[in-house]
């Protein structure tokens with residue numbers, strides 16, 4: 001179905017960013033505009049996912065150029081779901097930023113860049129053209145470069161050098177992969193590529209290209225052995241920025257992997273083996289790495305890596321149920337990781353440190369806040385009614401069906417390690433008796449903030465915790481959406497037909 | 001011509017990766033620039049090189065016929081050049097700032113992110 005309005009989430013974020021630039025020095029107006037526009041974007045994304053679920057896939061051809069030649073934007077259930085999640089996290093982080101980001105950073109254009117980042121994310125989810133996807137990735141990384149360096153503290157600059165280098169390298173690998181793919185097929189449209197790649201005789205070259213794509217997206221989504229930049233950089237920027245990075249940026253990589261490896265390169269035995277082994281190693285390194293850290297933000301950074309491994313594992317098994325699990329986990333993970341990084345921000349504002357050894361006595365002093373923190377932390381572990389649990393049922397079931405017993409073991413072991421890490425964190429930060437910490441001069445503590453800023457830091461955590469609880473307790477609805485997306489990832493005919501028009505039998 | 005381009009692309013990739021593996025910040029950036037140029041040349045090569053056949057439709061015909069130079073790779077390269085120009089200028093400013101703040105250009109000395117805060 002052709003519908004030019006599907007690019008509204010992109011256009012509106014662009015509009016917001018430009019509007020914010022007119023209020024460059026007026027920080028209060030910027031905050032207000034950012035929150036209002038994030039709310040409107042959330043409305044747009046809800047509208048978009050509703051029409052896509054009710055009426056099927058919507059497509060727009062930029063400039064009216066027909067599909068394999070022009071640039072295509074596709075709104076299918078997966079991409080609209082990702083846009084919805086981006087808007088929810090975007091709204092939460094936007095509110096959180098008004099409370100926690102310092103005025104100096106806002107004066108250097110924090111909010112416009114933040115909305116450019118969200119624009120890039122929405123664009124990447126809608127792109128139906130592989131080169132267009134590359135361009136959106138570049139918009140995402142250039143905005144994230146600015147956000148991660150904004151402020152220019154020593155650790156921030158060192159972290160950002162690693163981040164910038166690896167992301168630029170990933171772009172080059174991605175571009176190389178596109179070059180080879182174009183040489184092989186002469187097309188850039190993903191639906192068209194899907195048909196053409198399937199007809200290529202030389203499978204060796206196709207696998208080489210697929211590996212290049214896997215490396216390019218793998219660096220972005222931080223899979224083993226390409227993950228080292230993530231724990232070295234994600235804990236350096238302010239919590240609001242970590243939250244949006246931790247929640248969404250690595251997941252764009254996962255989205256791209258899901259898209260490319262279900263639509264263009266249908267994994268053969270070789271590719272599923274590669275992906276499965278990478279997933280196993282990613283889970284082990286991420287979760288074991290988290291176990292030995294002391295800085296709470298680093299713990300969550302390592303857990304991002306470990307949980308990316310889970311999602312890749314679902315792709316590695318390549319059954320419909322496993323992909324359903326991956327989609328479900330993606331929904332859960334975006335919300336919960338964004339929330340956890342915001343929680344660490346609040347902890348820092350209260351205590352002035354991220355070190356688990358020095359923290360403590362949270363439950364004694366702030367019992368209500370501790371209860372609030374319990375929701376994302378235990379959702380992350382996946383204690384049964386909460387949101388992290390349901391996806392694992394699908395994975396373990398498909399693990400037994402596809403006889404990936406090692407993977408099943410690692411999935412369970414990874415969950416166990418997450419549990420141990422979170423139990424340790426809970427005991428150290430919340431239950432342990434904490435000494436009064438020396439006051440730091442350069443930290444603005446929570447109680448020194450204006451009441452409205454304090455509210456702005458707690459409200460998004462409550463908001464995302466509610467969403468987490470809904471994902472856990474209302475799992476039925478989320479699973480039905482995940483099942484729909486999973487079935488469309490296995491059978492891509494609706495996607496291809498929506499882009500290229502009805503296929504005649506001989507082409508397939 | 002193709003063979004020459006293949007050799008150049010290989011050299012650019014090899015030199016780029018070699019430079020990235022050095023410890024100096026400046027060499028890191030040079031490595032990234034070389035890699036980016038290598039990728040652009042690769043698109044150019046894989047878009048098939050055709051001499052003297054511009055993709056212009058004759059007045060008497062309605063579609064292109066025969067062999068012609070594909071304009072798409074050139075559009076892709078142009079886009080990629082513009083993007084990498086922006087990213088590389090950002091990266092150069094970044095290493096300058098980092099050099100001023102950290103006071104070293106040795107990547108091994110940059111380990112503030114590993115400190116237990």
> Quick one: if the Förster radius is 60 Å, what FRET efficiency do residue A:416 and residue A:66 give, using the C-beta to C-beta distance and rounding to 0.05?
Replying inline: 0.70
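How compact is the protein assembly as shown by the rule of thumb for globular proteins, expressed as Cα Rg over 2.2 N^0.38 Å? Don't jump to the answer; show the numbers that get you there.
Numbers: Rg = 24.1 Å, N = 625, 2.2 N^0.38 = 25.4 Å.
Here the Cα radius of gyration is 0.95 times the empirical estimate.
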> How far is helix A:451-473 tilted off the main Cα axis of chain A, in degrees rounded to 10, range 0 to 90?
Replying inline: 50
> When you count, for each residue, the other Cβ atoms within 10 Å and take the mean per peptide, how do A:481-491, A:307-317 rank with the highest first?
Replying inline: A:307-317, A:481-491
> Along the Cα-to-C-beta direction of residue B:82, a point sits 7 Å from the Cα; which residues of region A:1-38 have their amide N less than 19 Å from that point?
Replying inline: A:11, A:14-15, A:18
>> For a protection proxy built on the mean count of beta-carbon atoms within 10 angstrom, sort B:92-102, A:37-47, A:6-16 highest first, please.
In response: A:6-16, A:37-47, B:92-102
>> For a bin width of 10 Å, list the pair-distance distribution of region A:182-241 built from all Cα-Cα distances, rounded to whole %.
In response: 19, 35, 22, 17, 7, 0
> How many Cβ atoms of partner chains, on average, are near each residue of A:174-181 if near means within 10 Å of its Cβ?
Replying inline: 6
>> Compute the distance from the alpha-carbon center of region A:241-311 to that of region B:1-54, in whole Å.
In response: 30
> What's the long-distance tail for region A:308-460, i.e. % of Cα pairs beyond 28 Å?
Replying inline: 33
> Tell me, what is the Rg over Rh of region A:358-426, with Rh the Kirkwood radius over Cα pairs?
Replying inline: 1.13
> When you look at the Cβ of every residue in B:97-106, what mean number of other chain Cβ atoms sits within 10 Å?
Replying inline: 3
> If we sort A:369-380, A:71-82 on the protection proxy, mean other Cβ atoms within 10 Å, highest first, what's the order?
Replying inline: A:71-82, A:369-380
> Given 0.36 nm per residue, what is the gain on full extension from residue A:270 to residue A:397 after removing their alpha carbon distance, in nm?
Replying inline: 43.5 nm
>> Counting only other chains, and only Cβ atoms inside 10 Å, what mean value do you get across the residues of A:227-238?
In response: 1
> Once both axes come from the Cα atoms, what is the angle between helix A:154-185 and the longest principal axis of chain A, in degrees from 0 to 90, rounded to 10?
Replying inline: 10
> What FRET efficiency comes out for the pair residue A:437/residue A:103, r = Cβ-Cβ distance, R0 = 25 Å, nearest 0.05?
Replying inline: 0.50
>> How tilted is helix B:71-102 with respect to the longest principal axis of chain B? Cα atoms for both, answer in degrees (0 to 90, nearest 10).
In response: 10
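Throughout, read-outs are computed from the coordinates displayed, never taken from laboratory work. Just so it is clear, the structure is predicted and the values come from calculations on it, not from any experiment. Note that we place each Cβ from the backbone using ideal geometry, even for glycine, and neighbour counts take in every protein chain shown.
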